[in-house]
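Where a number appears in this text, it was derived from the coordinates with a stated rule and is not lab data. If you're wondering where the values come from, they're calculated on a predicted model, not measured in any experiment. Quick reminder, even Gly has a Cβ in these numbers, built from the backbone with ideal geometry, and neighbours come from all protein chains shown.
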Amino acid sequence: MEDGTRKKDFRKNCPSSKIVVFTGAGVSAESGISTFRDSGGLWEKYDIRDVATPEAWIKNPLLVLDFYNQRRKQVLEAKPNDGHLSLVELEKKFDVSVITQNVDDLHERAGSKNVLHLHGEIRKARSTNDPTLVYTIKGWELKAGDKCELGSQLRPHIVWFGEMVTELDNAQAIAATADIFIIIGTSLNVYPAAGLVHFAPPHAQIFLVDPNSVNDIGIKNLTTIKESAGKGVPELVKKLLAEEFVDQ
Ligand code: OAD
């Protein structure tokens with residue numbers, strides 16, 4: 001019962017097919033936010049072990065705070081680009097969930113309604129004593145001495161390397177509902193996030209928008225659009241809204 005005809009009928013009769021969008025640093029590149037692994041990217045300038053691990057926080061918290069303060073400043077100065085903005089258009093016709101590895105809030109500021117952050121949120125801080133105590137940071141700076149209501153130092157609300165991805169179960173459950181799964185601007189190098197696409201059901205159509213080649217993780221039903229997010233995403237959105245791909 002999983003033949004193509006039935007899939008087509010299902011989508012035609014269901015005006016709110018589910019679209020799951022999975023984004024990485026590339027979707028925010030044209031907003032002026034550095035990616036990690038491109039040439040000139042953040043991990044060329046910094047050693048992950050110095051700024052993005054629990055060990056770094058123990059060894060040199062001031063360096064870690066400064067690293068994320070600089071990232072936060074950059075995010076506050078940035079604006080959503082056409083990639084973020086066009087995704088919102090999909091909500092006119094589809095049930096859309098965005099799962100992002102990004103810690104910026106550009107999807108939310110563009111107007112996307114359902115956004116899940118897998119790797120944390122740069123504009124938030126959390127208690128080092130009780131991880132459920134999460135606060136929005138006013139402005140760009142989180143300082144040594146900024147404390148939670150229990151009196152413990154606040155840390156960036158970021159998932160560091162070596163830490164649990166607490167939103168993973170939620171993200172996998174959302175991925176499993178996809179009729180269409182769109183991957184944008186991620187090198188697909190970081191697990192478990194990169195493996196999310198494998199939770200999409202077999203009938204799901206998968207699109208990948210990235211100007212460069214990404215890690216080949218054996219994705220089936222894949223259509224690759226080798227463009228920047230600012231160009232490729234609006235084009236894809238236009239086609240999906242016109243059902244040019246859905247009725248293939
Ligand atoms: P990467 O820096 O690994 O990959 C960025 C991707 O964006 C690459 O595939 C680029 O080709 C692509 N790209 C560059 N410019 C683009 C543009 N204008 N439009 C579309 N794509 C573009 O970033 P991620 O895959 O997001 O985690 O990295 C995953 C995780 O590794 C991040 O969430 C972060 C990082 O370490 C943490 O810090 C926990």
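Can you give the Rg and Dmax of the chain based on its C-alpha atoms, in angstrom?
Just the Cα atoms of the chain yield Rg and Dmax of 18.9, 62 Å.
Give me, ordered by chain and number, the residues 5 or more places off residue 182 or on other chains with an amide H under 5 Å from its own placed amide H.
20, 21, 22, 207
Can you bin every Cα-Cα distance in the stretch 133-231 into 5 Å intervals starting at zero and give me the percent of pairs per bin, rounded to whole numbers?
2, 10, 17, 16, 14, 12, 10, 9, 6, 3, 0
Checking the table 124/147; 45/143; 93/113; 92/239 against a 20 Å threshold on Cα-Cα, which pairs fail? Don't skip to the end; give the middle numbers.
Working: 124/147 13 Å; 45/143 22 Å; 93/113 14 Å; 92/239 14 Å.
In this structure, 45/143 lie more than 20 Å apart at Cα.
Binned at 5 Å from 0, what are the whole-percent values of the Cα-Cα distance distribution for the stretch 16-80, short to long?
Percent of pairs per bin, in order: 4, 15, 20, 21, 17, 11, 6, 3, 2, 1.
Between beta-carbons, use under 12 Å as the cut-off and find the net charge around residue 107, counting Lys and Arg +1, Asp and Glu -1.
With Lys, Arg at +1 and Asp, Glu at -1, the net is -3.
Amide H of residue 124 versus every other amide H placed in the peptide plane: which residues, excluding those fewer than 5 positions away on the same chain, fall under 5 Å?
Placed amide hydrogens put 137, 157 under 5 Å from residue 124.
Could you sort the peptides 215-222, 121-128 by per-residue average Cβ neighbour count (10 Å cutoff), highest mean leading?
For the peptides 215-222, 121-128, the packing ranking is 121-128, 215-222.
Along the charge dipole of the chain, Cβ charges K/R +1 and D/E -1, which of 222, 125, 204 sits furthest on the positive end?
125
Lys and Arg at +1, Asp and Glu at -1: add these up for the other residues within a Cβ distance under 13 Å of residue 223 and post the number. Walk me through the numbers before you get to the answer.
Working: positive: 220, 226, 239; negative: 210, 227, 235, 244.
Result for the local shell: -1.
Along the positive direction of the dipole of the chain (beta-carbon charges: Lys, Arg +1; Asp, Glu -1; about the Cα centre), which of 87, 39, 184 reaches farthest?
Going by the Cα projections, it comes out as 87.
Work out how far the C-alpha atoms of the stretch 76-162 reach from end to end along every principal axis, then list the three figures in whole Å, largest first.
Rounded to whole Å, the extents work out to 47, 25, 23 Å.
If one takes the longest principal axis of the Cα atoms in the chain, at what angle in degrees, from 0 to 90 and to the nearest 10, does the Cα axis of helix 229-241 lie?
40 degrees
About its Cα centre, what dipole magnitude does the chain give when the only charges are +1 on Lys and Arg Cβ and -1 on Asp and Glu Cβ, stated in debye to the nearest 20?
Values: 30 positive and 34 negative charges, 61 e Å.
Roughly 300 debye for the chain.
Calculate one ³J(HN,Hα) per residue across the stretch 126-136 by plugging θ = phi - 60° into the Karplus curve 6.51 cos²θ - 1.76 cosθ + 1.60, and present them in order as whole Hz with x for glycine and proline.
Values, residue by residue: 9, 5, 7, 9, 9, x, 7, 8, 10, 10, 7 Hz.
Once phi is turned into θ = phi - 60°, what whole-Hz ³J(HN,Hα) does the Karplus curve with 6.51, -1.76 and 1.60 give for every residue of the stretch 75-86, x standing for Gly and Pro?
For the stretch 75-86, the Karplus-derived couplings read 5, 5, 7, 8, 10, x, 9, 4, x, 4, 5, 5 Hz, x marking Gly and Pro.
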